[in-house]
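Beneath this line is the structure, given in structure tokens, with notes to follow.
Readers should treat all values here as calculations from the given coordinates under stated rules, not as data from a laboratory. A quick note: this is a predicted structure, and the numbers were derived from the prediction, not measured. All Cβ positions, even for glycine, are placed from backbone atoms using ideal geometry, and neighbour counts span all protein chains on display.
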Amino acid sequence: MLSIFSGVPSVKEPHPHVSWPPKDPDTTLRLIEEYIKGESSYTGREGPILDLENAFARYHNRKYAIAVSSGTAALYSAFFSLKLKPGDEVLAPVYTYHATVTPLLHLGVKPVFCDADPVTGNIKAEEILRRATANTKAIIITHMWGYPCDMKEILYCSKQLGIPIIEDCSHAHGSTYRNQLVGTFGNIACWSLQGAKIIPAGEGGIMLTDDRDIYEHATLLGHWGKRSETEVVQGDLRELARTGYGLKLRIHPLGAVLALIAMNKFDSWIKNRSILLNQLVDGLASIPGIIPPFTSDYATRGCWYGFVCRVEDKALKKVTFSNFIKALQAEGVEAKITNVLPLNQMPLFRNIKNIEILNFSSEINFDISYPGAEEFTHSAFQLPTFTDLQSKPLIQEYIDAIRRVVTNIQDLYLLK
Ligand SMILES: *Cc1c(COP(=O)(O)O)cnc(C)c1O
């Protein structure tokens, strides 16, 4: 009998099955050491912030790094540094985390949404070409759930349109496309270092570029004072160093320490996730009607931020998706419906009045439907991103429990 009726979960392990970030005594000691040193604010490019930026830039073999207070701040810095203006348009995925796009609204820039590939969830290149207009100034892409966008095609679009690419790599630390790391393709790349991400600063973000002008503008935007005085060398910008452009977007130094520690463990975490989550993929692939995350042989999913799989409508046999998820949860499986929805379904974007407070005047056209994003998301659910190799038997229990629910799906007709 399914657990939803018997009340006895088949997966017995107590929850949560994964907690992130992992806590360890070395990290605690390092934080205390840094705190005792007494320097709690760095105004220049120095201390753990400098170390983090150097480590991150070196890892990706890019010239300039700026650590900031959040992934959202990194994206805002990127858009600002491209000197986007009110009335400009930026091509953006309709299926992404909202913060990929919301900073544009604060610049008066109109996001023009592009549909997703229903297999990968990533922005579709042909949509980019179709939705471009004379006002299009840039393309932002997100490597959703760690799966790299088709960079060959995206680079082709960028060349055709003569506009820069920004990569939102906040799901995809360490992912590769044809053996090249994501974050090394675009003119600018941004990562969130928020606590749930694989390199967790608690709160933080980082931006990489090889373009000196972009670097200096981003520096002036959020790092006025000493850092701007030493880092901004272009004559006409230098005189702004004292005030910058007036925002303050610095990362907390203890956050930078946390991120630095995580960078040392990053490669081994990625390796473990790849072993464990491929075990989960292989197991799920043997259950008819369950669609595990797709990875082509020329890509790797790096940190696998979020393990998103789907169930085919026909496998549900008219049982509602939410009852299916409830049945999985009753088995003791930590399944949840993903909270990342296509942006045209979110009130901020759906109701233009919500944006008036930002002085935002451009219309967003929502007459368009986005069937690819709809197909990818309407029956998508998330399982934990296991990182500890000891979870192997637990993963097998997950696979068995999910198979049980799918095989006995008709029993769920008894539910309301
Ligand atoms: C987490 C995330 C962000 C925002 O990062 P914050 O650090 O929370 O501001 C942006 N884009 C994507 C794809 C994310 O996953």
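A simple packing score, the average count of other Cβ atoms within 10 Å per residue, orders the peptides 239-250, 345-356 as 239-250, 345-356, with the highest score first.
Using the Cβ-Cβ distance between residue 313 and residue 339 with R0 set to 22 Å, the FRET efficiency works out to roughly 0.55.
Nothing charged except the Cβ atoms of Lys and Arg (+1) and of Asp and Glu (-1): what's the magnitude of the dipole of the stretch 264-416 about its Cα centre? Round to the nearest 20 debye. Display every interim value, and only then the final one.
Working: 16 positive and 16 negative charges, 63 e Å.
For this selection, approximately 300 debye.
Residues of the stretch 31-50 with amide nitrogen under 18 Å from the 7 Å Cα-to-Cβ point of residue 230? Residues 38-50 fall inside that zone. About its Cα centre, the chain has a charge dipole of approximately 260 debye under the convention of +1 per Lys or Arg Cβ and -1 per Asp or Glu Cβ, with nothing else charged. Taking the fewest neighbouring Cβ atoms within 10 Å as the starting point, the ordered list for 214, 409, 128, 337 is 337, 409, 214, 128. About the centre of its Cα atoms, the stretch 235-299 shows a dipole size close to 400 debye [charges on the beta carbon of Lys, Arg (+1) and Asp, Glu (-1) only; nearest 20 debye]. Shown for 379, 19, 170: other C-beta atoms within 10 Å of each C-beta, ranked fewest to most, produce the order 19, 379, 170. In a fully extended conformation the segment linking residue 264 and residue 13 would gain 87.4 nm over its present Cα-Cα distance, using 0.36 nm per residue. Only DSSP H runs of four or more residues enter the estimate; each adds -39500 (n - 2.57), and after division by the residues of the chain the mean residue ellipticity at 222 nm equals -11500 deg cm²/dmol. Of interest is the spacing of the C-alpha centroids, which for the stretch 141-179 and the stretch 269-324 amounts to 22 Å. For the stretch 124-193, what class follows from the C-alpha gyration tensor (a ≥ b ≥ c being the square roots of its eigenvalues): rounded when a/c is under 1.5, otherwise prolate if a/b is larger than b/c, else oblate? Prolate.
A simple spin-label model places the labels of residue 106 and residue 29 3.9 nm from each other, with each point 7 Å out along Cα-to-Cβ. Farthest towards the positive end of the charge dipole of the stretch 309-399, among the residues 341, 320, 389, is the Cα of 320, using unit charges on the Cβ of Lys, Arg, Asp and Glu. Setting aside same-chain residues fewer than 8 positions from residue 226, which lysines have a Cα under 21 Å from its Cα? In chain and number order, the partners are 37, 63, 248.
At R0 = 22 Å, how high is the FRET efficiency between residue 153 and residue 63 if r is their beta carbon distance? Nearest 0.05 is fine.
0.30
Could you give the length gained on full extension between residue 83 and residue 410, defined as 0.36 nm per residue of separation minus the Cα-Cα distance, in nm?
Fully extending the segment from residue 83 to residue 410 adds 112.1 nm.
For the stretch 26-172, the square roots of the Cα gyration tensor eigenvalues, ordered a ≥ b ≥ c, give a/c of at least 1.5 with a/b greater than b/c, which places it in the prolate category. The 3J(HN,Hα) values that the Karplus relation (6.51, -1.76, 1.60; θ = phi - 60°) gives for the stretch 72-87 are, in residue order, 4, 5, 5, 5, 4, 4, 5, 5, 4, 5, 7, 6, 5, 10, x, x Hz. Gly and Pro appear as x. What shape does the chain have by the C-alpha gyration tensor, where a ≥ b ≥ c are the square roots of the eigenvalues, rounded means a/c under 1.5, and otherwise prolate means a/b greater than b/c and oblate the rest? Since a/c reaches 1.5 but b/c is at least a/b, the shape of the chain is classed as oblate. DSSP finds beta bridges in the chain, and of those with both partners inside it, around 60 percent are antiparallel.
Packing around the peptides 200-210, 155-165, taken as the average count of other Cβ atoms within 10 Å per residue, puts them in this order, highest first: 200-210, 155-165.
Just to verify a number: FRET efficiency for residue 350 and residue 326, C-beta to C-beta distance, R0 = 25 Å, to 0.05? About 0.35, to the nearest 0.05.
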